[in-house]
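Everything on this sheet refers to the single structure shown next.
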Amino acid sequence: MTKTDINEELEYIEKIRKINEGKNLKYNIFTMGCQLNENDSEKICGMVEKMGYTKTENIAEADLVIYNTCCVRENAEEKLFGKLGEVKKQKEARGTIIAIGGCMMQEQHIVDKIKKSYKYDVIFGTHTLHKFPKDLYNAIMENKKITDILDIDGEIIEGLPIKRDDSIRASVTIMNGCNNFCTYCIVPYVRGRERSRNPEDILNEVKSLAQAGYKEITLLGQNVNSYMRVEREKGLCSSKIDSFAKLLRAVNNIEGIEKIRFVSPHPKDFTDDVIEAIRDCEKVSKFVHLPLQSGSTRVLKAMNRVYTKEQYLNLVEKMKEKIPNVKFSTDIIVGFPGETEEDFEDTLDVVKKVKFEQIFMFIYSRRVGTPADKMENQIPEEIKHKRFDRLKALYEEQIEENNKAYIETVQDILVEGYSKTNSDFLTGRTDSNKVVIFEGDSSLIGKVVPVKIVSEHLWYLRGEVL
Ligand code: SAH
Ligand code: SF4
Ligand code: F3S
């Protein structure tokens, strides 16, 4: 179900704007977690800027501080409590308004802890993002603390204002929630069940981005290649675009867009139509994120990933056959409960075989409420860290090897702007998401240019514009 009638909620933006008028108020936002959260933060910024706040990176001068939280691993939680501890004094000194939203607020024990030990004005969750203006208004007017969390799945909200971070690359969320319940993962509990946005709304958003000059689109969701599956099965999708493969083809037809990426797909949903759409659509990146999590069939089963080591490797082979020059990135968790040395070696074995271009490596983190947290055979921290270091060493060896293959090749690079670390150079990425820096002038920004790679430096490549 889609909710487009949010005028009542949005009226509060105008009400707050009137209160704020002439006050030159500033806001600061701190975003944790994945690209979905970053995209949500762009919507929060859109709402807040319409209320008359301007953004500041300096928290000390902020009148409104917003935390958009993540709870996928424990270190995210520790970070938030550190930040809330710091901002407490500022609130006492100058009445800074504190708003806390996002995934972590969907966890009751966290909300309880904040209420008990920290200062805040508004707490909102993943299903109540669009109600933030109303909640903030009530907090300001009534000078009381507002907690607005919904346990049931929020509707898909269309029509929120958005203030994007970039002017060339944009993210478009195509679905909310997750139905997979991998046993280690908190996401299905804090983001709710899988529900897809209408294809027409997605395509209209991409079209208006293209008109505004955006060149690269990343389609976002926790399981993008099951886009519209639930709706299809329930007979709720009236559009002809009722699958991820069809959506990719439709986005590919939008004029002005040069590159299309997507995260995250699940290996179990890589049906042939998706593989063929990647192959056929010239704008769709041939760099596929294929989350492995573990290379051991036994561990994969305990994780509820519903594929085996062999099925994963077969899928990689099939994609290599069907999609010329396809390359892969992945997510891997080390130290899942019960992971033996042999299981871990299976993970290393898959890494050696696939030679991923990019690996996001995580140490298993116990999450309250997930099945894996209750498993008895938890792995000692020391072993987890040792395995992590071994995986990292193998990965770095492979990056060097992979990077060498780029030297002397010519890559089409969408120029993103000047490098943040060295402003003498322009920067962009290869199709496989490797950062390339090269000399050139600002007229190239936003264009796709051929760049010859001349040297490699572990985390980036040096090139020359041809
Ligand atoms: N839906 C996406 C991303 C989920 S979160 C997917 O399935 O790929 C991003 C990554 O965080 C996951 O892929 C997983 O590798 C990691 N992760 C999730 N829960 C974790 C936990 N409890 N401990 C450590 N890493 C975790
Ligand atoms: Fe978590 Fe698994 Fe869903 Fe990804 S697919 S969000 S890892 S439950
Ligand atoms: Fe974190 Fe929520 Fe994303 S838990 S990884 S911000 S969906």
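The values are calculated or read from the model by the stated rules, or taken from the named source; none is laboratory data. This one's a predicted model, so the numbers in the text were calculated from it and none came from an experiment. Positions of Cβ are backbone-derived with ideal geometry, glycine not excepted, and every protein chain shown enters the neighbour counts.
Looking only at region 270-289, decide whether some residue is part of a loop (DSSP other than H, G, I, E, B), crowded, with 19+ Cβ neighbours inside 10 Å and within 16 Å of ligand 1 (Cβ to nearest atom). Yes, region 270-289 contains a residue that is part of a loop (DSSP other than H, G, I, E, B), crowded, with 19+ Cβ neighbours inside 10 Å and within 16 Å of ligand 1 (Cβ to nearest atom). Across region 21-63, the qualifying residues are those that are buried (at least 20 other Cβ atoms within 10 Å of the Cβ) and either without any contact (Cβ under 8 Å) to a residue 12 or more places away in the chain or among the aromatic types (Phe, Trp, Tyr) (or both), and the one among them that is farthest from ligand 3 (Cβ to nearest atom) is Tyr53. Residues in region 168-194 that are in a strand (DSSP E or B) and within 14 Å of ligand 3 (Cβ to nearest atom) were compared, and the one that is farthest from Met105 (Cα to Cα) is Ser171.
Residue-by-condition table, conditions (1) more than 30 Å from Lys89 (Cα to Cα); (2) aromatic (Phe, Trp, Tyr); (3) in the same structural domain as Leu236 (by TED's automatic domain parsing):
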| site | (1), (2), (3) |
| --- | --- |
| Lys113 | no, no, no |
| Lys116 | no, no, no |
| Gly125 | no, no, no |
| Ile140 | no, no, no |
| Ile156 | yes, no, no |
| Pro188 | yes, no, yes |
| Arg197 | yes, no, yes |
| Ile202 | yes, no, yes |
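The single condition from (1) modelled with pLDDT under 95; (2) in contact with a Cys (Cβ under 7 Å, 6 or more places away or on another chain) that Thr370 fails is (1). In region 195-234, the residue that is farthest from Pro371 (Cα to Cα) out of those that are in a loop (DSSP other than H, G, I, E, B) and among the hydrophobic types (A, V, I, L, M, F, W, C) is Ala212.
Of the numbered criteria (1) more than 30 Å from Val230 (Cβ to Cβ); (2) under 22 Å from the mean Cα position of the chain (by Cα), the one Lys43 fails is (1). Condition first: within 16 Å of ligand 1 (Cβ to nearest atom) and surrounded by fewer than 18 Cβ atoms within 10 Å (Cβ to Cβ). Can you find one or more residues in region 229-248 that meet it? Yes: region 229-248 contains one or more residues that are within 16 Å of ligand 1 (Cβ to nearest atom) and surrounded by fewer than 18 Cβ atoms within 10 Å (Cβ to Cβ). For the subset of region 317-340 comprising residues that are more than 26 Å from the chain's Cα centre (by Cα) and part of a helix (DSSP H, G or I), which member is nearest to Phe360 (Cα to Cα)? So the residue we want is Glu317. Selection of region 143-165 for residues being out of contact with any Ser or Thr (no Cβ under 9 Å at 6 or more places or on another chain) and free of Cβ contacts under 8 Å to residues at least 60 places away in the same chain yields Asn143, Lys144, Lys145, Ile146, Thr147, Asp151, Ile152, Asp153.
Just the residues that are crowded, with 16+ Cβ neighbours inside 10 Å and either more than 12 Å from Ile157 (Cβ to Cβ) or among the hydroxyl-bearing types (Ser, Thr, Tyr) (or both), please, taken from region 1-20.
The answer is Tyr12, Ile13, Lys15, Ile16, Asn20.
If you go through region 88-115 and keep only what is modelled with pLDDT of 95 or more and more than 25 Å from Val187 (Cα to Cα), you end up with Thr96, Ile97.
Is it the case that region 64-74 has a residue that's within 16 Å of ligand 3 (Cβ to nearest atom) and assigned to a helix (DSSP H, G or I)? Within region 64-74, one or more residues are within 16 Å of ligand 3 (Cβ to nearest atom) and assigned to a helix (DSSP H, G or I). The single residue among Thr126, Thr54 that is under 28 Å from Thr173 (Cα atoms) and either of a type in the set (Asp, Glu) or away from ligand 2 (no atom under 16 Å from the Cβ) (or both) turns out to be Thr54. Take Asp242 and tell me if it is acidic (Asp, Glu) and within 16 Å of ligand 2 (Cβ to nearest atom). So Asp242 fails the test.
Going through region 365-389 one residue at a time, which ones are in a helix (DSSP H, G or I) and surrounded by 15 or more Cβ atoms within 10 Å (Cβ to Cβ)? Scanning region 365-389 gives Pro371, Ala372, Asp373, Lys384, Arg387, Phe388.
Filtered by the rule that a residue be of a type in the set (Asp, Glu) and assigned to a loop (DSSP other than H, G, I, E, B), region 100-138 gives Glu107, Asp121.
Confirm whether Thr126 is among the β-branched types (Val, Ile, Thr) and either under 24 Å from Glu14 (Cβ atoms) or away from ligand 3 (no atom under 13 Å from the Cβ) (or both). Against the criterion (among the β-branched types (Val, Ile, Thr) and either under 24 Å from Glu14 (Cβ atoms) or away from ligand 3 (no atom under 13 Å from the Cβ) (or both)), Thr126 does not qualify.
Of all the residues in region 79-106, those that are more than 16 Å from ligand 1 (Cβ to nearest atom) and either crowded, with 20+ Cβ neighbours inside 10 Å or outside the structural domain of Ile29 (by TED's automatic domain parsing) (or both) number 9. Tallying residues that are surrounded by 22 or more Cβ atoms within 10 Å (Cβ to Cβ) and in contact (Cβ under 8 Å) with a residue 60 or more places away in the chain within region 65-78 yields 1.
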